[in-house]
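Below: one structure, written as structure tokens.
The values are calculated or read from the model by the stated rules, or taken from the named source; none is laboratory data. Just so it is clear, the model here is predicted, and its values are computed rather than measured. No Cβ is skipped: glycine too gets one built from the backbone with ideal geometry, and neighbour counts run over all protein chains shown.
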Amino acid sequence: MEIEKLKKILLNKLGTTEEMPFGPGTMVYKVGRKMFALFGLERDPIWLNLKCDPELALVLRQNHAAVIPGYHMNKEHWNTVILDGSIPESDVQKMIDHSYALIVKSLPKYQQNKLLK
């Protein structure tokens, strides 16, 4: 997956912002000021970090060699998805959707209601 396509997918999520709080080499995507995705610009293929339910994280790691514990993240709650083409884009989209949903669910109700309209 190309960087521009990935950025477009992430930014299409309602309320998402794109930031670089860790410097110019790392793109961070937030909803309600909380991260749900990040990746470095220097890696090829892209290593995409996504929030994940701990039980699902283990299943994804077992089923996909390109899904590993979150690089530089809490390894219980984050996965790194190596976008080397071995995982169908539809599955990557589901992982992104899951990460976004986890963060939205953790937001205060008033913020959730704005995002669900």
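The table below gives the values:
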item	result
Residues within region 18-38 that are under 24 Å from residue 112 (Cβ atoms), surrounded by 13 or more Cβ atoms within 10 Å (Cβ to Cβ) and not basic (Lys, Arg), tallied	9
Long-range neighbours under 6 Å by Cβ, at least six apart or interchain, first residue under 16 Å from residue 95 (Cβ atoms) within region 1-16, second modelled with pLDDT of 95 or more	1/83; 10/29; 10/37; 13/100; 16/29; 16/31
Some residue of region 57-79 being within 10 Å of the chain's Cα centre (by Cα), part of a strand (DSSP E or B) and surrounded by 15 or more Cβ atoms within 10 Å (Cβ to Cβ)	yes
Filter pass, residue 51 being of a type in the set (Lys, Arg), under 21 Å from residue 14 (Cα atoms) and at pLDDT below 95	no
Hits in region 85-103 - residues which are among the hydrophobic types (A, V, I, L, M, F, W, C), assigned to a helix (DSSP H, G or I) and over 20 Å from residue 34 (Cβ atoms)	92
The lone exception for residue 25 - which of (1) out of contact with any Asp or Glu (no Cβ under 8 Å at 6 or more places or on another chain); (2) free of Cβ contacts under 8 Å to residues at least 24 places away in the same chain it fails	(1)
Filter result (more than 13 Å from the chain's Cα centre (by Cα) and within 18 Å of residue 106 (Cα to Cα)) within region 1-51	14, 15, 32, 33
